[in-house]
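Here is the structure we will look at.
Only the coordinates and a few stated rules stand behind these numbers; no lab work does. Predicted model only: the values in this text are computed from it and were never measured. Here the Cβ positions follow ideal geometry from the backbone for every residue, glycine too, while neighbour counts run over all protein chains shown.
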Amino acid sequence: MRAAVQHETGRDKLEVLDDVEAVGFGPGRVRVRIRATGLCHSDLSAMSGVLPQPAPFVPGHEGAGEILDVGDGVSGLKAGDRVLMCWLPACGSCPSCKRGQTHLCLAGFMNAGTPNFKRPGASPSEVFGFAGTGTFAEEVVVAANCAVPIPDDVPYEIAALIGCGVTTGLGAAFNTAKVEAGSSVAVIGCGGVGISVVQGARACGAAQITAVDPVAARREAALRFGATEAVAPEELADAKARITGGEGFDYVFEVVGRSATARTAYETTRRGGTLCVVGAGALDDTFQVNMFELFFDEKRILPSLYGGGDVLRSYERAIALWRAGRIDLEGLITHRVRLDGINDALDQMRSGTALRTCIEI
Ligand SMILES: [Zn+2]
Ligand SMILES: [Zn+2]
C-alpha cells in the first residue's frame, strides 16, 4: 500500500512509496483504512527533529477512516465502523487514568518505539509511525482504543481535525485555562490549533479575543473565527496597553512552542492571570522566569497537552458544538491535496498560508 515516508530526520520532503505494509495486527488491535488526514504542525516538528521521533517514519497523527478488520478480544468495534484516530489513548487503569487525568496516560505511548510499518526488501525495512499512528498511509494498524467511533453525520475530514488540532485548541480554553465569560484573551500563534483556541475562548464567552500572528492571512482568518482584534507580534505591546490599560490579558495562550513567544506571553499576562502553553516545543529550548516575578506576580502557568482533559469527552463536545453551528470546522480546511501532493501540503504549512490542509487518501 501507499504511504508518505520521512527517510531521515531533518529532510524537508517526504517520499510517497507503494511498497509499505502496516504491521502488528493481532489480538487487541484493529486495521484501519485511512480516508482523510490533516497536516498538523507537530508533523513538521517531528520531521525537523524538534519533536523526538525515530526514523524512517510515516508522519501523520490526525486522521480518520474505516475499520477493515478487528483482532481477537476487541469489543465495540467491527469492520465498516467509521472512526477517528486518537494518538494518545487512555488505558483506564494506570495512575494517571485513575486520577481522572486520562490525557496524561502514557500506556499507548509505550508502543511508540515499535515499528508500525515495514518495507519488504528495503533497507532499513522497519518504518515507524509518528506518535504511534502514521496516518499519511492508506492503512494503519493500531491498538483498539486508538480507534474511536464517530457519528454518521461527521465527515472523515472533520473527524480527522477533531483527532488532534481542534481538540487541542478547544480543550486548552475549556479544560485547562477554563476561560471565564467576559474575560480578555490573547492567542499567540493562529494556525489550526490557535484558531481552535480562538473558537474555544469565544464559546466560553470571552469579551476580548486578540489574535497575534505574523502572517496577515492568519490574522484575517482569526477575525472570521471570532477574534475581536488581530495584530502582528510587534503590535502586541500596544494592543495590551490599549485593550487592558497596560495590566495585561486575563488569559494568554502560547500556541507556537518556543521559549521566546512563551516569554512574550508571560509578559502579556496580567498579574494573577493565566498563561496557557499549548505549543509543542523542543527539549533544548528553555523557558525562563525569575523567582521574584514568579511568586510576586502570581501568574498561573498552565501547560495543556492534547486538550488537557478526557479526550473522548472532548471529541464529543467538539462534535456537539460543530453540529450546533457554534464552531466552524469546515472553514479550518483551507487546502486539499491527494497523498501525491503531500509535499505541496508541507510547503503550504511552512509558508503560513494553510490553517489545515486535508489530505484525502
Ligand atoms: Zn492510563
Ligand atoms: Zn497534532
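Summary of values
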item	result
Alpha carbon centroid spacing (whole Å) that separates region 9-56 from region 336-350	15
Extension gain, N343 back to I301 (0.36 nm per residue minus Cα-Cα distance, nm)	11.5 nm
Theoretical FRET efficiency, 1/(1+(r/R0)^6), r = Cβ-Cβ of K13 and A122, R0 22 Å, to 0.05	0.80
Where labels lie 7 Å past Cα in the beta-carbon direction, separation of S351 and A232 in nm	1.9
Kirkwood Rh and Cα Rg combined as Rg/Rh, the chain	0.97
FRET efficiency estimate (nearest 0.05) - Cβ-Cβ, A241 to S75, R0 56 angstrom	0.45
Over the chain, relative contact order from alpha-carbon pairs under 8 Å, at least 6 apart, %	18
When region 166-303 is reduced to its Cα atoms, the Kirkwood hydrodynamic radius in Å	14.3
q = 0.12, 0.26, 0.28 Å⁻¹, region 176-235: log10 I(q)/I(0) [Debye, one scatterer per Cα]	-0.22, -0.98, -1.12
Furthest towards positive pole of dipole, S125, V215, Y156, structure part the chain, Cβ charges	Y156
Cα convex hull of region 1-112 - mean projected area over all directions, nm²	7.9
Calculated FRET value between A320 and A260, using beta carbons and R₀ = 35 Å, to 0.05	0.45
Counted charge near L223, where neighbours are those whose Cβ lies closer than 13 Å (Asp, Glu -1; Lys, Arg +1)	0
Residue-wise HN-Hα coupling along region 17-22, computed from phi with Karplus coefficients 6.51, -1.76, 1.60 (Hz; x: Gly, Pro)	10, 10, 10, 9, 10, 7
